[in-house]
1. Yes or no: residue 182 in the same structural domain as residue 128 (by TED's automatic domain parsing) and either closer than 20 Å to residue 103 by Cβ or loosely packed, with under 12 Cβ neighbours inside 10 Å (or both)?
2. Looking for something under 27 Å from residue 60 (Cβ atoms), touching a Phe, Trp or Tyr at 6+ places or on another chain (Cβ under 9 Å) and either outside the structural domain of residue 187 (by TED's automatic domain parsing) or without any contact (Cβ under 8 Å) to a residue 24 or more places away in the chain (or both) - is there at least one such residue anywhere in segment 288-297?
3. Considering only residues that are aliphatic (A, V, I, L, M) and buried (at least 20 other Cβ atoms within 10 Å of the Cβ), which ones fall in segment 12-36?
4. Since residue 272 meets every condition but one in (1) more than 16 Å from residue 300 (Cα to Cα); (2) away from ligand 2 (no atom under 12 Å from the Cβ); (3) surrounded by 24 or more Cβ atoms within 10 Å (Cβ to Cβ), which condition does it not meet?
5. So if I check each of 96, 88, which one is within 30 Å of residue 168 (Cβ to Cβ), touching a Leu at 6+ places or on another chain (Cβ under 6 Å) and surrounded by 14 or more Cβ atoms within 10 Å (Cβ to Cβ)?
6. Being among the hydrophobic types (A, V, I, L, M, F, W, C) and either touching a residue at least 60 places away in the same chain (Cβ under 8 Å) or crowded, with 18+ Cβ neighbours inside 10 Å (or both) is the filter here, so list the residues in segment 37-62 that pass it.
7. Which of the residues belonging to segment 229-283 are free of Cβ contacts under 8 Å to residues at least 40 places away in the same chain and within 11 Å of ligand 1 (Cβ to nearest atom)?
Amino acid sequence: PSSVRLAVIPGDGIGPEVVTEGLKVLRAAVGSEVSFETTEYDLGARRWHASGETLPDAALAEIRQHDAILLGAIGDPAVPSGVLERGLLLRLRFELDHYVNLRPARLYPGVTSPLSPAVLENGLDFVVVREGTEGPYVGNGGAVRTGTPHEIATEVSINTAFGIERVVRDAFRRAAARPRKHLTLVHKHNVLVHAGHLWRRTLEQVNAEFPEVTTDYLHVDAATIFMVQNPGRFDVIVTDNLFGDIITDIAGAIAGGIGLAASGNVNPDRTAPSMFEPVHGSAPDIAGQQKADPTATILSVGMLLEHLGLDKAAQKVEQAVSADLIERADRVRTTAEIGDSIAARLA
Ligand code: IPM
Ligand code: MN
């Protein structure tokens, strides 16, 4: 594309700071080759305090008209837990059908992992395909007898054949395109038998379309052990929304920290714009202090460029980040300094 409409949602906490650096690097990467037209949306805690709105229908309709979305972070201690998460972030993921929540984990040269060199012998380079529109995140649940000793609270995990099949097929496609061609299903079918068996059967069925891909299965608890004892065994992982949420935080931690973990909320059918965001949250404790690492956002910008078919620019971003990480050592830099030095490598 020669012109791209990008919706930008800086959000809360450190969101605006890291997004500023992400956009700086984006512009440096595409140069004059592509014109990026950005529209900023003031959504998040400030908007909610001012008007009680999380994601007005009109804003959603406008955002839908863009080619992609860049999001900083959502969440604020002064807003009741769940209001912005459900009303804004999850609503965007659901409404825009982001059924593939793509979370790569890769240990870049020069980056220190908390894992020992022996554990890292087989490398660390995998991608989690986290289902993004179903599971317990749907919000199918409720409470009765609230406040009494007999209160009952339910959170029902929704797993549809349609929803599982499409995300599993996407994961197979990604596995088939990688050198190792291996796909691991992570679930807990010894306890969550109904959903677990549906996931398992679907994996087997879709495997017939991708005979070159090898598969295996791990219960989620066992998967956490492998992640810290032999992460090199993983290539592509496919899992449900909640398990994926949890294991991608571990994945971020072992790959050098959540400050480097990028993600894409992808609509592979392209019926709506995909949304790219760092895996980390709004970190209100360090907001506005230029202490946040914008690298996760910058790598998310790389994923955004790749999604838009701007492969050359995407590769340039990844290479610039990679080069910066090698020279980073223990130097303490501000959020803007990190963005500046990565952008400078692209100029
Ligand atoms: C993430 C976050 C969100 C999630 C929260 C903020 C709703 O933890 O993107 O991983 O659970 O998906
Ligand atoms: Mn999370």
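The values are calculated or read from the model by the stated rules, or taken from the named source; none is laboratory data. The structure presented is a predicted model; accordingly, all values stated were derived computationally and were not measured. Glycine gets a Cβ as well: all are built from the backbone with ideal geometry, and neighbour counts include every protein chain shown.
1. Yes; evaluated as a whole, the condition is true for this residue.
2. yes
3. 14, 18, 19, 23, 25, 26, 28, 29, 30, listed by residue number.
4. (3)
5. Going through 96, 88 in turn, the sole match is 88.
6. Listed by number, the residues that qualify are 43, 45, 48, 55, 59.
7. 246, 249, 258
One line per residue, one yes/no per condition, for (1) surrounded by fewer than 21 Cβ atoms within 10 Å (Cβ to Cβ); (2) over 21 Å from residue 139 (Cα atoms):
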position	(1), (2)
154	yes, no
157	yes, no
160	yes, no
164	no, no
188	yes, no
195	yes, no
223	no, yes
231	no, yes
